[in-house]
Amino acid sequence: MDLNLRKAILANISDNNEQQMEATIVDAIQSGEEKMLPGLGVLFELIWQQSNEQDRQEMLEALVQGVKQTH
């Protein structure tokens, strides 16, 4: 991902409160548009960086379960 894209995404959400952030995430997922994937990726990167090992393990388990359910 281009670093400028990451910075642009972060700039667009930098003033969002929790409700606005949730609305952004829900909208991106519900729209199903490919163009929303980089933004979700940047948000996941932030979550991952702010998480401890236990939280990361729980996310990994949820991801594995989610992938298994879609196939």
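Helix-only arithmetic for the chain: the sum of -39500 (n - 2.57) across DSSP H runs with n ≥ 4, divided by the residue total, places the mean residue ellipticity at 222 nm at -25500 deg cm²/dmol.
Order these by the 10 Å Cβ neighbour count, fewest first: Glu33, Glu18. Working shown, then result.
Working: Glu33 10, Glu18 7.
Lowest to highest Cβ neighbour count: Glu18, Glu33.
If you place +1 on the Cβ of every Lys and Arg, -1 on the Cβ of every Asp and Glu, and leave all else neutral, what size is the dipole of the chain about its Cα centre, to the nearest 20 Debye?
Values: 5 positive and 12 negative charges, 44 e Å.
Computed about the Cα centre, the dipole is about 220 debye.
Taken together, the values in this text are just the output of simple stated rules run on the coordinates, not laboratory data. Remember, predicted model here, so these are calculated numbers, not experimental data. In this analysis, Cβ positions are derived from the backbone assuming ideal geometry, glycine residues included, and neighbour counts consider all displayed protein chains.
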